[in-house]
Amino acid sequence: MKKKKFLLFAAVTAMLVSCGGGNSGMNFGDNEYPVETVQNQSTTMQTSYPASLKGIQDVEIRPKVAGFITKVYVKEGQNVGAGQLLFVIDNATYQAAVRQAQASVNTATAQCNTQKLAYENSQKLHENKVIGDFELQSAKNSYESALAQLAQARASLASARETLSFCYVKSPTAGVIGNLPYKEGAMVSSSSSPALTTVSNISTIEAYFSMTERDVLNMTKNAGSIQAAIESYPDLRLQLADGTTYVETGRLAKASGVVDPATGSIQMIARFPNPQRLLKSGSSGSIIVPRSESSAIIIPQSVTVEVQDKKFVYLVGKDNKVKYTEITVDPQNDGKNFIVTSGLKVGDKYVTNGVTKLSDGMEIVPISQERYKQKISEQAKSMSAGDIVNGMKK
């Protein structure tokens, strides 16, 4: 029985507080309203920015030659090292080209050897006055031409071998294999879209987010330069897609030197260590920037009235008349309180409860928060069951 009375009393008290003494049968009388005085407070707030995540190095893998995929050596999500074989493309044609180039080298080598013997013989004959200068020079020119043809053949062989090597697609860097849109037997080329796969180095993750031009200018002016601002920027947190906070802190790494004319924002990049490979390239999250205020004006959201996206409070003047006053607040809040950026100053007095009953210029009797709670408790004890039922209906 005592428990039921306690629960009923608690419910009535909560109802009175939420109504601010405004419903019929629950009036305090004497136009009494609780009033609070504005004071400076120290607080830590946080600003969040939507972010997209990428590996510190994302490399698209594309073939340099066209052909059918004959072998796939990796799986999606597999860790690979630099130089590891990923794909093999049909190389029969390119192997034939290598053999043909090798044959040309052999032919050119033989021709070169023949011309060399002829030139050496001409030199001996010239020394013995058997042939003249013209014949000697002709033999020399033929030998040099054979040497040039051999060099050309060797270059063609090197090119054919390099082209053949393109059939063996290797990873240019260490990382994690992304999607594999092509299977064995698929026809691919350098212009194929999408790429064969993506190798992402996710040992460190870069988070891309945007800040307004105004915010970047402010941080730059305060620090003296953008580089100094980046170095002095506080540690960042990363909120993941499931709402949890990533265990590692990050640092602001760099800022774009160009303002996006469409949005008026500047792209920023933060880096987070990823030793457990929890973060994936291509995922999303939110960058959380902590911000400390040593002399902030903080008021409960419940004391404000919102009209067409504007926020108002009732200030109490020296004549105890309330004034309907517009305020501006920081867009970042904790869901319970507002940080007031303009419209209030230290020493101002504002009404904290029952604001829906007030009107501009209305005269009230200010009371303290303690007196307000005391009167609620007294009225709750004196209310009958009928008062409670009627109050809940209204």
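If you keep only loop residues by DSSP, which trypsin sites (Lys or Arg not before Pro) in region 209-278 have at most 13 other Cβ atoms within 10 Å of their Cβ?
Sites meeting the loop and neighbour criteria: 277.
In deg cm²/dmol, rounded to 500, what helix-only [θ] at 222 nm does the chain give when every DSSP H run of at least 4 residues adds -39500 (n - 2.57) and the total is split over its residues?
Value at 222 nm, helices only: -11000 deg cm²/dmol.
Let me check I've understood the local charge: for residue 120, count other residues with C-beta under 12 angstrom from its C-beta, Lys and Arg +1, Asp and Glu -1. What total comes out?
The answer is +2.
With only Lys, Arg, Asp and Glu charged, each at its Cβ (+1 for the first two, -1 for the last two), find how big the charge dipole of the chain is about the Cα centre; round to the nearest 20 debye.
Taking the Cα centre of the chain as origin, the dipole is about 1100 debye.
What are the radius of gyration and Dmax of the chain, computed over its Cα atoms and given in Å?
For the chain, the Cα radius of gyration and maximum Cα-Cα distance read 40.6, 143 Å.
Answer with one residue from 258, 303, 278: the one whose Cα lies farthest towards the positive end of the charge dipole of region 253-335, charges on Cβ with Lys, Arg +1 and Asp, Glu -1.
Value computed over the given set: 278.
Suppose every Lys and Arg Cβ carries +1 and every Asp and Glu Cβ carries -1, with no other charges. What dipole size does region 204-326 come out with about its Cα centre, to the nearest 20 debye?
The calculation lands at about 140 debye.
Give, rounded to the nearest 20 debye, the magnitude of the charge dipole that region 101-177 has about its Cα centre when Lys and Arg contribute +1 at Cβ and Asp and Glu contribute -1 at Cβ.
Here region 101-177 has a charge dipole of around 280 debye.
Identify, among 185, 40, 368, the residue whose Cα sits farthest towards the positive end of the charge dipole of the chain, taking +1 on the Cβ of Lys and Arg and -1 on the Cβ of Asp and Glu, with the dipole about the Cα centre.
Of the options given, the answer is 368.
Where does the longest stretch of the chain lie that holds no GluC sites (Glu not before Pro) found in a DSSP loop with 12 or fewer other Cβ atoms within 10 Å?
My reading of the result: 185-394 is the longest stretch.
Taking Cα centroids, how far is region 171-185 from region 216-267 in Å?
Cα centroid to Cα centroid, the span is 32 Å.
What is the log10 of I(q)/I(0) for region 66-172, computed with the Debye formula using one identical point scatterer on each Cα and no solvent, at q = 0.18, 0.24 Å⁻¹?
Treating every Cα as an identical point scatterer, log10 I(q)/I(0) equals -0.87, -1.12.
Whole Å is fine, so just give me how far the alpha carbon centre of region 349-372 lies from that of region 115-131.
Computed from Cα coordinates, the inter-centre distance equals 121 Å.
Every number in this text was worked out from the coordinates using simple rules, so none of it is lab data. Worth saying up front: this structure is predicted, and the values here are computed from it rather than measured. Here Cβ is always computed from backbone atoms with ideal geometry, including for glycine, and neighbour counts include all displayed protein chains.
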